[in-house]
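To start, the structure under review is shown below, and the notes come after it.
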Amino acid sequence: MQRRDLLVRPDVLILDDFAMRQLGASQADDLYELVSERQGRSLIITSNRAPSDWYPLFPNPVVAESLLDRLINTSHQVIMNGPSYRPNKRPKNPTDKTK
């Protein structure tokens, strides 16, 4: 069984930290096929970027438009604004004298 087949089967699939970096052509094609095959099933995507910033991360603008149209225009979006909790969770540097 291929990895993509394993990702198509769950009732809910979560893509965490989506669009962290640019995708290669084969990665974008695989993602397009995964989303297409999961149509009608729940998909949760988290990202630190706005959906409008996702387009340049795809090497083929046609694939980007088709994929992101499916993801963005047929979704419910929850946009959370506010400070990040991550700076408070960073390990302290033992040589840092500032508090």
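No lab work stands behind these numbers, since they all come straight from the coordinates. From a predicted model like this one, the values you see are computed outputs, not experimental measurements. Here Cβ is always computed from backbone atoms with ideal geometry, including for glycine, and neighbour counts include all displayed protein chains.
Here are a few things to note about the model shown:
- When only the Cβ of Lys, Arg, Asp and Glu is charged (+1, +1, -1, -1), the dipole of the chain relative to its Cα centre reaches about 780 debye.
- Relative packing of peptides 20-26, 67-73 - highest average C-beta neighbours within 10 Å first: 67-73, 20-26
- Where (1) 9.2; (2) 6.7; (3) 5.2 are the candidate values, the label of the one calculated here for mean projected area of the Cα convex hull in nm² is (1).
- Summary value for the chain: 29 percent relative contact order, contacts being C-alpha pairs under 8 angstrom separated by 6+ residues.
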